[in-house]
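Below is one structure, written out as structure tokens; the observations come after it.
The values are calculated or read from the model by the stated rules, or taken from the named source; none is laboratory data. A quick note: this is a predicted structure, and the numbers were derived from the prediction, not measured. Cβ placement follows ideal geometry from the backbone for every residue including glycine, while neighbour counts extend to all protein chains displayed. For the accessible areas, the whole protein counts, side chains as well, though only heavy atoms, and no ligand, DNA or RNA atoms are used. Shrake-Rupley method; radii C 1.70, N 1.55, O 1.52, S 1.80 Å.
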Amino acid sequence: MWDWLKFFPFEDRRNKHPKPDEIRGPYLSTPIKNKWIFGDCAFYFKAPRANPIFGLFGDGNSVDAVKPGLKNILKGSWQRVYSGNSDAPPDFWDRDLFYANTWYFVGPWFVGRQAALSAYGTLISADKDSKFLKTSLFHPRVFEMAVADYLDSTYGYHRSGKKSIYRGPLNWRVMPLSSTIQAVVCDIHHIHNGGKDNPMLRRLVFFPVTDHQFVQVMFDFGGVAIYRDEMRTKPLMELCDSIINSMHMTVGESTLAKWNKLKEECPDMSITEEFGELPWPLFKDKPGKKVKEREVKSADESMFIPHRS
């Protein structure tokens, strides 16, 4: 009856409460339909409104959201982001951040923020030197290899000594967005601080939107110890999964025509249901050393896509 007040998003650091045994959030919990436009395609998901945590004397947290509105994301001018790892060779992906949002979880009686789930939407584009410009990301084998190549370049070269800082992809699954377009959902574990038994989690969603562009939606669990802190992990997981499970897409005629033409050449347009963990860490090739290639066959075994590893 008094939960609206008990879990009101207000923080007073002068309060000396014990460690909470329950958290709640967001305060405005009714899911709202969101729409992203990619050319003649529309992507939808439901998520609660994000609200700040109020406070006095500098307490509290604001929500610095980035939202595309109803702009065509393919034509918009967005924030360019970079992988930022000097140990990695140059990659061939352009990354444009078009969405960012955070949902706070609070403890009872004004103890304030206890956890947060953040989401980021990024348009990933093959640059002018990319091998992926020679084919279409709507082809399932090409899409899988593009995701693997992107994960390699983003996470594979981060290491401490000879040990990788990340593991992935883990918990790979395929999720239909429409009768034609499918998404991939997978996890990345940050294992540098807590090891494999105590990782920090990022959950990723990938789906193609043009022949040479795909979208990454990343959910960041804010450093919560997912295997050791069930009290915080459970509500974060529930919100994350509810957003992902609400995702769907309407596909326009032009994009559908490209997909159907590709299907004539590749009757099996399904994405691989299982995908193994990538062998990280990777190491930058020394000058003059031949780059190894990972070979992947398409469904009809007639196309080979070299993959740098």
**Request:** For Asn72 and Asp229, compute 0.36 nm times the residue count separating them, minus their Cα-Cα distance, and round to one decimal in nm.
**Result:** 52.5 nm
**Asked** Would you list Asp3, Asp220 from the most to the least accessible area, probe 1.4 Å?
**Response** Asp3, Asp220
**Dipole magnitude of the chain, debye to nearest 20 (Cβ charges: Lys/Arg +1, Asp/Glu -1, about Cα centre)** = 760 debye
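Counting only protein heavy atoms and using a 1.4 Å probe, what share of the accessible area of segment 165-232 belongs to carbon plus sulfur, as a whole percent? Intermediate results must be reported in sequence, preceding the final value.
Values: 1040 of 2480 Å².
Its accessible area is 42 percent carbon and sulfur atoms.
In Å², and per residue, what accessible area does the chain have when probed at 1.4 Å with the other protein chains present?
Numbers: 15840 Å² over 309 residues.
On a per-residue basis, the chain sits at 51 Å².
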**Fill in**
Taking placed amide H atoms and a strict 5 Å upper bound, the residues 5 or more places from Tyr157 or on another chain that come that close are Leu282
**Asked** lysines near Lys284 by alpha-carbon distance under 16 Å, same-chain residues fewer than 8 away left out - which ones?
**Response** Lys162, Lys163, Lys292
**His158 accessible area, 1.4 Å probe, all protein chains in place, Å² to nearest 10** = 40 Å²
**Three principal axis lengths of the chain [C-alpha, angstrom, descending]** = 66, 49, 33
**Asked** What longest range of the chain stays clear of loop-exposed trypsin sites (Lys or Arg not before Pro) (DSSP non-H/G/I/E/B, at most 13 other C-beta within 10 angstrom)?
**Response** 17-74
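Over all directions, how big on average is the projection of the convex hull of the alpha-carbon atoms in segment 21-81, in square nanometres?
Details: hull surface 27.0 nm².
For segment 21-81, the mean projected area of the Cα convex hull comes to 6.7 nm².
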**Message:** Would segment 138-206 count as rounded, prolate or oblate if I go by the C-alpha gyration tensor, calling it rounded below 1.5 in a/c and otherwise prolate when a/b exceeds b/c, oblate otherwise?
**Reply:** oblate
**Message:** Give me the three principal axis extents of segment 27-123 from the C-alpha atoms, as integers in angstrom, largest value leading.
**Reply:** 49, 38, 18
**Message:** For a quick check, take a GNM of the chain with Cα springs below 10 Å and name the residue from Ile226, Ile32, Ile191 with the largest mean-square fluctuation.
**Reply:** Ile32
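Expected output is a single nm value to one decimal: the length gained when fully extending between Tyr44 and Thr272, i.e. 0.36 nm times separation in residues minus the C-alpha distance. What is it?
Numbers: separation 228, 0.36 × 228 = 82.08 nm, distance 2.38 nm.
Length difference between fully extended and current span is 79.7 nm.
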